Structures are given as C-alpha cells and as structure tokens.
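The values are calculated or read from the model by the stated rules, or taken from the named source; none is laboratory data. Worth saying up front: this structure is predicted, and the values here are computed from it rather than measured. Positions of Cβ are generated from backbone atoms using ideal geometry, with glycine treated the same way; all protein chains shown enter the neighbour counts. Quick note on the areas: whole protein, heavy atoms, side chains included, nothing else; ligands and nucleic acids left out. Shrake-Rupley method; radii C 1.70, N 1.55, O 1.52, S 1.80 Å.
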Amino acid sequence: MTERKRVAILISGRGSNMEALIHAAEASDYPAEIVGVLSNKADAGGLAVAAAAGITTAVRSHRDFATRDDFDAALDGVLRGWAAEIVCLAGFMRLLTPGFVEKWEGRMLNIHPSLLPAYRDLHTHERALADGVSEHGCTVHFVTAGLDEGPTILQARVPVLPGDTATSLQARVLVEEHRIYPQALALVARGDVRP
Ligand code: GRF
C-alpha cells in the first residue's frame, strides 16, 4: 500500500479518543500511523495507554514556558522531531496560538463533543440538555484560529433520551467520537477530504 501518513496526537487527559486512533492505526490497511503522543500534563492517563501500545510519548508543560508562543514553539519542535505530517487534537485543553495553527492549517484535526456550530467550547452536554434539544452529537473538524470553528470533516448524531443526564449523554456521544475520529483521520490521510 502507499506510504502511511505520520500522525501525532495531542492530549491532556484520559485519551480515549487517542486510544481509538491508535487502535484503528493497528490495521495494516489504515492510511496513517501514530508516531507520537504529546501531552501538556505529565499525569495525563493517556500517556500510559500510549506507552503500553509502544508509542513514543512526550510531555511539555505549559507552566514551564513564559508565553503561549514559547509553549507552542516547544510543541512544534516535538512534532517536527517526530516528522509528523498530521496532528490530531484529542482532548487537548490548551488554546493554540494563531501562528501555530497557521503552520499546521489543513493538517490539524480536532474532535468536539457537539454538533458544531452548536455548542462551541466547554460543557456541551450540560448546555444541550438545558436547551432541551432532541439531538446531540460530535464533530471532527479542521483546526483554524477560531475556537471550534474550522471546516467539518465528519459528524455523528445521537438522540437525547428522556431522563438523560450529562453523564449518560456524554457516554452516548463518546461511543460515536471513537467511531468517527478514526474515519475522519483516514479521509484526511488519504487526501479524500481537504479544508
Ligand atoms: C472528548 O469528549 C473530546 O470530544 C473532547 O474532549 C474529550 C476528550 O476525551 N475534545 P478523551 O481524553 O479522548 O477520552
């Protein structure tokens, strides 16, 4: 098969989406390989999961850098050291500078737990429930300078059910996140979707 795209994943926490991407990339016909997982938190649970899968990990704490530009330059250095071609944000909880985003524009993806453009930013499940919507879901999109604003690659919908709590709704959405993020990365890695 043609060469697989080299993908780095940025995380801050448990990394269940990261794990879904790692698992997908274990298939020999998947068009991407995961070459490294980078966290801004040394205690991110996903780091151990990645290491157990034999994947290189790195930590760069934003607290060690005086400015956002310095931090993002450090991230960029790690990514270039891995010769990453595509970056997947997977629960990475830092805002990236416009300069960093520009460098990776068209090659950086994010997963967000809402049907964008609805419910950008945090607490999406709580806000959807408060609004009484009948459908919720998740979106994989290209990252642009605006928070949760870039072009959509894939979305998945779930029903909001009677008696749902933020926890039950989040769990239903997360199943779909794990399904569509690997699909979206495959589309981008194959060049089937461009921003
Ligand atoms: C997911 O809900 C993702 O959509 C959002 O942050 C959460 C990360 O979860 N961006 P995990 O670390 O992938 O388990």
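So what is the relative contact order of segment 5-190, in percent, for Cα pairs below 8 Å that sit 6 or more residues apart? Don't skip to the answer; put the middle values down first.
Values: 358 pairs, mean separation 39.5, N = 186.
Result for segment 5-190 is 21 percent.
What are the trypsin sites (Lys or Arg not before Pro) within segment 98-192 that DSSP puts in a loop, where the Cβ has at most 15 other Cβ atoms within 10 Å?
Answer by residue number: 120, 190.
What ³J(HN,Hα) values, in whole Hz, does the Karplus curve 6.51 cos²θ - 1.76 cosθ + 1.60 give for segment 108-123 when θ = phi - 60°, with x put for Gly and Pro?
10, 10, 9, 10, 10, x, 7, 8, 4, x, 6, 6, 5, 6, 8, 6
Can you run phi through the Karplus equation (6.51, -1.76, 1.60; θ = phi - 60°) for segment 149-164 and list ³J(HN,Hα) in whole Hz, with x for Gly and Pro?
Per-residue couplings from phi come out as 10, x, x, 6, 9, 8, 10, 9, 10, 10, x, 8, 9, x, x, 4 Hz.
For residue 108, which sequence-distant residues (separation of 5 or more, or a different chain) have an amide H within less than 5 Å of its own amide H, given hydrogens modelled in the peptide plane?
87, 143
Can you classify the chain as rounded, prolate or oblate using the Cα gyration tensor, where a ≥ b ≥ c are the square roots of its eigenvalues, rounded means a/c under 1.5, and otherwise it's prolate if a/b beats b/c and oblate if not? Write down the numbers at each step before the final one.
Details: a/c = 1.58, a/b = 1.35, b/c = 1.17.
Here the chain falls in the prolate category.
Could you put 105, 33 in order of accessible surface area, largest first, with the 1.4 Å probe and the full protein assembly present?
Descending accessible area places them as 105, 33.
Residue 79: net charge of surrounding residues, Cβ under 12 Å, Lys/Arg +1, Asp/Glu -1, itself excluded?
In short, +2.
Using alpha carbons only, how many angstrom separate the centre of segment 150-187 from the centre of segment 59-127?
20 Å
Among bridges DSSP assigns within segment 5-190, what percent are antiparallel (round to 5)? Intermediate values should be presented prior to the final figure.
Details: 11 of 28 bridges.
Roughly 40 percent of the beta bridges in segment 5-190 run antiparallel, per DSSP.
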